[in-house]
């Protein structure tokens, strides 16, 4: 009897230690934005309208959480239909052949206070490369409808040419029409699965 009780207690303790919570993206309170320089002297902003993601975490600190995120490339929006069509073409994303951008985390570590570093692998077209995001964790709160929510802001800068987004032209001063560095800012709200 004692032996069975001890085994049950150990099993329960092991389950609690390894318990994981799933958090699903609330897309209606999230956005995926990017900024790139134009003609050297200005910047163009854009965003993606369709995306999804989830987090699996052992507790509400989210340290060592596993994060997956996917973006529908064809949902790109820069408030210019001709430019959006060009971005979907093979000069850039080739949305028909490569319809999704994806991110899979490899580490999520607290740096200080509410500042974290998120590392993982970003896939655009057929290229996968390691990336690192600076993350601000907004905290955890219960909304008026009883849902537990968590908020994050993640920022990184990538080289678009490293992902085969190669189109460009040179202006008369020698600069590029479109800059190579793209700043990505993802603001997300996640809901804890019930």
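Number of residues in region 115-127 that are in contact with a strand residue (DSSP E or B) (Cβ under 8 Å, 6 or more places away or on another chain) and surrounded by 13 or more Cβ atoms within 10 Å (Cβ to Cβ): the value is 9. Within region 123-150, take every residue that is assigned to a strand (DSSP E or B) and touching a residue at least 40 places away in the same chain (Cβ under 8 Å) and give me the one that is nearest to residue 63 (Cα to Cα). Ranking the qualifying residues of region 123-150, first place goes to 137. Of the strands (runs of 3 or more DSSP E) lying entirely inside region 1-101, those carrying at least 1 residues that are modelled with pLDDT under 90 are 31-38, 42-48. With the structure loaded, tell me whether residue 194 is assigned to a loop (DSSP other than H, G, I, E, B) and either surrounded by fewer than 15 Cβ atoms within 10 Å (Cβ to Cβ) or at pLDDT 95 or above (or both) or whether it fails that test. Yes, satisfied.
Residue 104 meets the conditions (1) over 18 Å from residue 51 (Cα atoms); (2) modelled with pLDDT of 95 or more in every case but one. The failed one is (1). Considering only region 95-112, I want to know if a residue exists there that is surrounded by 12 or more Cβ atoms within 10 Å (Cβ to Cβ), on the phi < 0 side of the Ramachandran plot and without any contact (Cβ under 8 Å) to a residue 12 or more places away in the chain. Scanning region 95-112, I find no residue that is surrounded by 12 or more Cβ atoms within 10 Å (Cβ to Cβ), on the phi < 0 side of the Ramachandran plot and without any contact (Cβ under 8 Å) to a residue 12 or more places away in the chain, so the answer is no.
The values are calculated or read from the model by the stated rules, or taken from the named source; none is laboratory data. Please read these numbers as outputs of a predicted model, since none were measured by experiment. Virtual Cβ from ideal backbone geometry, glycine too; neighbours counted across all protein chains shown.
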